[in-house]
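What follows is a short report on a single structure.
The values are calculated or read from the model by the stated rules, or taken from the named source; none is laboratory data. Owing to the predicted nature of the structure, the values given are computational and were not obtained by experimental measurement. Every residue, glycine among them, receives a Cβ derived from its backbone with ideal geometry; neighbour counts consider all protein chains shown. Side chains are part of the model used for accessible areas, which takes the heavy atoms of the whole protein and leaves out ligands, DNA and RNA. Shrake-Rupley method; radii C 1.70, N 1.55, O 1.52, S 1.80 Å.
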Amino acid sequence: MLAQLIALDWGTTSLRAYKLAAGGQVLEQRSLSSGIMQLPRTPRIINGQECADGFELAFDEACGDWLDAQPELPVIACGMVGSAQGWREAAYRDTPANVANLGTSLQTVRSLRGVDVHIVPGVIQRSRLPNVMRGEETQVLGVLQTLTSEAGNDLLIGLPGSHSKWVEVADGCIVHFDTFMTGEIFAVLSEHSILGRTQQQGASFDGQAFDRGVQVALSADGEIGPLSTVFSARSLGLTGELSATAQADYLSGLLIGHELSALATAQRRRRNRVHLPSIILIGNAQLCARYSRALDACGFARVTLADQATERGLWQLALAAGLITSNPSR
C-alpha cells in the first residue's frame, strides 16, 4: 500500500514518526529519543550539505529514508516542535478552539531536504492562571473523529503523562482544560528527594500498594493535601508498614489519587451536579491502566481507552490543510 503522509508527534523528550496510507492506516512507525530538549548533535551530510542543526538531524534520522523513497510525501507535525523552543513556533489558538480547524493554521518550516514540515498550533486558555497544550489538541481531534456529536456532550478526555491534561469539549471545540504535573512531580520526588532513598524497584506493579495510596488521598487524612500526605511514603516505610519495593507504587497511587480527587471536585462544581462525566483516556497503556483503576475508586464509573488518537488526528488535520485528499485516486 502506497504511503500518503508522514506524521510526526514531536515532543520534549521523544519523536514518534508514522508513515500513513489511505484513511490514516499506519504502514510503519518509529520512536526516537530525539525530543526538542535532547536533539542529535553529531553533524552529518544532508542533501549534499554538512548539517549540525539538531532539528534537521532528528528529522532526517526519523524519516529521511522514507523521503528518499517518496520525496513528494507531505509532512505534518504536532507537539513541542511548534513551541518557542521548537523548530518553528506555531502560535497558540485561543479556547474555545475548534480542533478540526487547526489544520488551516499550520506553520511551515522548509527542511534541508527541500520538504516543507507543516506544524500544528497549540491551544491556550487565557485566564488568571493561563493553561497551554501542544500535541494534546491533535489527540483530542483523533478521539472526536470516532464519536457521534451527542457522545461528546458529557465527556472528559484524559491524557495522563508528565503533565496530565483533562479536556472538556463541546461542539467539536476545546472549551476548557486542566493540567496536573503529577508525572513530573512523581519523578522529582522519587529521584531527587528523601522519598527515593528508601525506594527499591519491584519486580512488578504492586496493585495493593497503589490502591492504598489512592485511598489515602481520598480519605479524611488526604484532606490536608498532597504536600503533607506524600511524607507517608517515607514514614510508612520507617514503621515497617510499607516495604521498599511497594513505596513507589504507593506514592504513584497517592499522587494520582490527589489529582483525581481534585478533578472530581472541580467537575462537580463546574457542571453544578453530583454526576461525573464519562472519561476517555489517551496515552501509554500501563499508565492509563493505573488511571483507570484510580478513576473507578474516585467515582468515575464510565472509563474507556482510545488508541491511535495522534495518528488519526494528524491525518484529519492534513486533510483539512489540503496536504492530502480523501480520495487519492482522483
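Structure notes:
- Selection of region 24-49 for residues being polar (S, T, N, Q) and buried (at least 17 other Cβ atoms within 10 Å of the Cβ) yields only Ser34.
- Any chance Gly253 is of a type in the set (Gly, Ala, Ser) and either within 24 Å of the chain's Cα centre (by Cα) or in a helix (DSSP H, G or I) (or both): yes
- Against the list (1) surrounded by fewer than 17 Cβ atoms within 10 Å (Cβ to Cβ); (2) in a strand (DSSP E or B); (3) touching an Asp or Glu at 6+ places or on another chain (Cβ under 8 Å), the condition Ser162 fails is (2).
- Candidate set from region 130-142 (those that are open to solvent by 10 Å² or more (accessible area, probe 1.4 Å) and of a type in the set (D, E, K, R)); member that is nearest to Phe59 (Cα to Cα): Arg134
- Residues in region 280-330 that are assigned to a loop (DSSP other than H, G, I, E, B) and either touching an Asp or Glu at 6+ places or on another chain (Cβ under 9 Å) or of a type outside the set (S, T, N, Q) (or both): Gly283, Cys298, Gly299, Phe300, Ala301, Arg302, Asp307, Gly322, Leu323, Ile324, Pro328, Arg330.
- Output for region 286-304, where each listed residue is of a type in the set (A, V, I, L, M, F, W, C), within 19 Å of the chain's Cα centre (by Cα) and crowded, with 16+ Cβ neighbours inside 10 Å: Leu287, Cys288, Ala294, Leu295, Val303
- Output for region 190-229, where each listed residue is of a type in the set (S, T, N, Q) and farther than 12 Å from Gly257 by Cβ: Ser190, Ser193, Thr198, Gln199, Gln200, Gln201, Ser204, Gln208, Ser228
- Here the condition is being within 18 Å of the chain's Cα centre (by Cα), in a helix (DSSP H, G or I), under 30 Å from Leu8 (Cβ atoms) and in contact (Cβ under 8 Å) with a residue 12 or more places away in the chain; of Thr179, Thr138, it holds for Thr138 alone.
- Within region 96-114, residues that are among the basic types (Lys, Arg) have Cβ atoms under 8 Å from residues that are open to solvent by 10 Å² or more (accessible area, probe 1.4 Å) in these pairs: Arg110/Asp116; Arg113/Asn47; Arg113/Asp60; Arg113/Pro71, counting only partners at least 6 apart in sequence or on another chain.
- Helices (runs of 4 or more DSSP H) enclosed by region 187-245 - at least 2 residues per element that are open to solvent by less than 20 Å² (accessible area, probe 1.4 Å) and assigned by the TED database to the domain that holds Cys298: 207-218
- Qualifying residue in region 16-23 (condition: open to solvent by 10 Å² or more (accessible area, probe 1.4 Å), within 21 Å of Gly135 (Cα to Cα), touching a residue at least 60 places away in the same chain (Cβ under 8 Å) and in contact with a strand residue (DSSP E or B) (Cβ under 7 Å, 6 or more places away or on another chain)): yes
- Only residues that are hydrophobic (A, V, I, L, M, F, W, C), part of a loop (DSSP other than H, G, I, E, B) and either in contact (Cβ under 8 Å) with a residue 40 or more places away in the chain or crowded, with 18+ Cβ neighbours inside 10 Å (or both) were counted in region 50-89, giving 2.
Residue-by-condition table, conditions (1) surrounded by fewer than 21 Cβ atoms within 10 Å (Cβ to Cβ); (2) closer than 16 Å to Leu314 by Cβ; (3) within 18 Å of the chain's Cα centre (by Cα):
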site: Ala91; (1), (2), (3): yes, no, no
site: Pro96; (1), (2), (3): yes, no, no
site: Val99; (1), (2), (3): no, yes, yes
site: Leu106; (1), (2), (3): no, yes, no
site: Gly114; (1), (2), (3): yes, no, no
site: His118; (1), (2), (3): no, yes, no
site: Val123; (1), (2), (3): no, yes, yes
site: Arg128; (1), (2), (3): yes, no, no
